[in-house]
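Take a look at the structure set out below.
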Amino acid sequence: MIVLAGTIGAGKTSLTELLAKTYNTKAFYESVDDNPILPLFYADPKKYGFLLQIYFLNKRMKDIADAKENKLNIIDRSIFEDALLFQLNADLGRSTQTEVDIYKSLLNNMMEGADGRNSKDPDLLIHVKVSFDNMLNRINKRGRQFEQIKNDPTLYNYYKELNDRYATWFDEYDRGPKIQIDGDQYDFVESPEAAKAVINLINKKIEEIGIK
């Protein structure tokens, strides 16, 4: 199981599609456009923050179970990132630390197998790193109204802090093998040459850890 990670607008969905096509395998996508809670959260994060995390947790656990059925299946967002986002919401006063602590405990319990092993962890985590400016450009380009800073200026600081925290999050990730892709250097969304280069980097990592 390969899992993508990265901030909003990093290109996770595009890279998931590319990897699924390259490896002729199945892709599992984050529920966004059909997520009934997400617009409510953007309108009132304090009220709907915890509910949103439980919604994602339920969806991601189902994806993990399904993705484990075959080698190299791809999930377009890591379940562990949700704790990062939820902690940021608490630090910004958009949720409570008690809610975050309960969520993290629930996540850990659900990820741990009956035998005490973390069998649901990904075989490889791929983190797509992008600059803050590139992040904003992509958010604007894809045009989801509830994500736009022009509709909610407070999102600017939220996005800035979120992008900054991902560097520490990736450095501290210790659930298994990992690789970081520079989404500014390799614009795999727009450039076929960059896409080939990224696939080569990932192929080398897969061969290194022996999961192919």
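Close Cβ contacts (under 6 Å, 6 or more residues apart or on different chains) running from residues in segment 188-208 that are in contact (Cβ under 8 Å) with a residue 12 or more places away in the chain and within 14 Å of E17 (Cα to Cα) to residues that are assigned to a helix (DSSP H, G or I) and of a type outside the set (A, V, I, L, M, F, W, C) comprise V189/S14; I199/T22. Figure legend. Inter-residue proximity from segment 1-21: first residues without any contact (Cβ under 8 Å) to a residue 24 or more places away in the chain, second residues surrounded by fewer than 23 Cβ atoms within 10 Å (Cβ to Cβ), beta-carbon distance below 8 Å, spacing 6+ or different chains. Indicated pairs: E17/A27. Here L40 meets the list (1) within 26 Å of V189 (Cβ to Cβ); (2) in contact with a Phe, Trp or Tyr (Cβ under 7 Å, 6 or more places away or on another chain) almost entirely, failing just condition (1). Could you tell me which residue of segment 115-142 is modelled with the highest pLDDT, considering only residues that are over 16 Å from K68 (Cα atoms) and of a type in the set (G, A, S)? Checked segment 115-142; the qualifying residue modelled with the highest pLDDT is S131.
Residues in segment 145-183 that are under 25 Å from D123 (Cα atoms) and of a type in the set (D, E): D171, E172, D174, D182. For segment 144-156, taking the residues that are touching a residue at least 40 places away in the same chain (Cβ under 8 Å) and not in a loop (DSSP other than H, G, I, E, B), the one that is surrounded by the fewest Cβ atoms within 10 Å (Cβ to Cβ) is identified as F146. Checking the structure you have, find out if any residue of segment 25-40 is on the phi > 0 side of the Ramachandran plot and either free of Cβ contacts under 8 Å to residues at least 12 places away in the same chain or under 10 Å from the mean Cα position of the chain (by Cα) (or both). Looking through segment 25-40, none of the residues is on the phi > 0 side of the Ramachandran plot and either free of Cβ contacts under 8 Å to residues at least 12 places away in the same chain or under 10 Å from the mean Cα position of the chain (by Cα) (or both). Condition first: exposed (fewer than 11 other Cβ atoms within 10 Å of the Cβ) and polar (S, T, N, Q). Can you find one or more residues in segment 164-173 that meet it? Yes: one or more hits. Against the criterion of being free of Cβ contacts under 8 Å to residues at least 12 places away in the same chain, under 19 Å from K62 (Cα atoms) and out of contact with any strand residue (DSSP E or B) (no Cβ under 6 Å at 6 or more places or on another chain), D44 does not qualify. K160 fulfils the conditions (1) touching a residue at least 12 places away in the same chain (Cβ under 8 Å); (2) loosely packed, with under 15 Cβ neighbours inside 10 Å; (3) in a loop (DSSP other than H, G, I, E, B) except for a single criterion, (3). Scanning segment 40-56 for residues that are among the hydrophobic types (A, V, I, L, M, F, W, C) and either surrounded by 19 or more Cβ atoms within 10 Å (Cβ to Cβ) or not in a helix (DSSP H, G or I) (or both) yields F41, F50, L52, F56. Once segment 143-185 is narrowed to residues that are at pLDDT 85 or above and hydroxyl-bearing (S, T, Y), the residue that is farthest from the chain's Cα centre (by Cα) is Y156. Each residue in segment 14-39 was checked for being part of a loop (DSSP other than H, G, I, E, B) and of a type in the set (V, I, T), and 3 pass. Residue count for segment 169-187 satisfying the condition of being in contact (Cβ under 8 Å) with a residue 12 or more places away in the chain and assigned to a loop (DSSP other than H, G, I, E, B): 7. Inspection of segment 33-40 finds no residue satisfying the criterion of being modelled with pLDDT of 90 or more and within 27 Å of Q180 (Cα to Cα).
The values are calculated or read from the model by the stated rules, or taken from the named source; none is laboratory data. Keep in mind it's a predicted model, so treat the numbers as computed, not measured. Every residue, glycine as well, gets a Cβ built from its backbone with ideal geometry; the counts of neighbours run over all protein chains shown.
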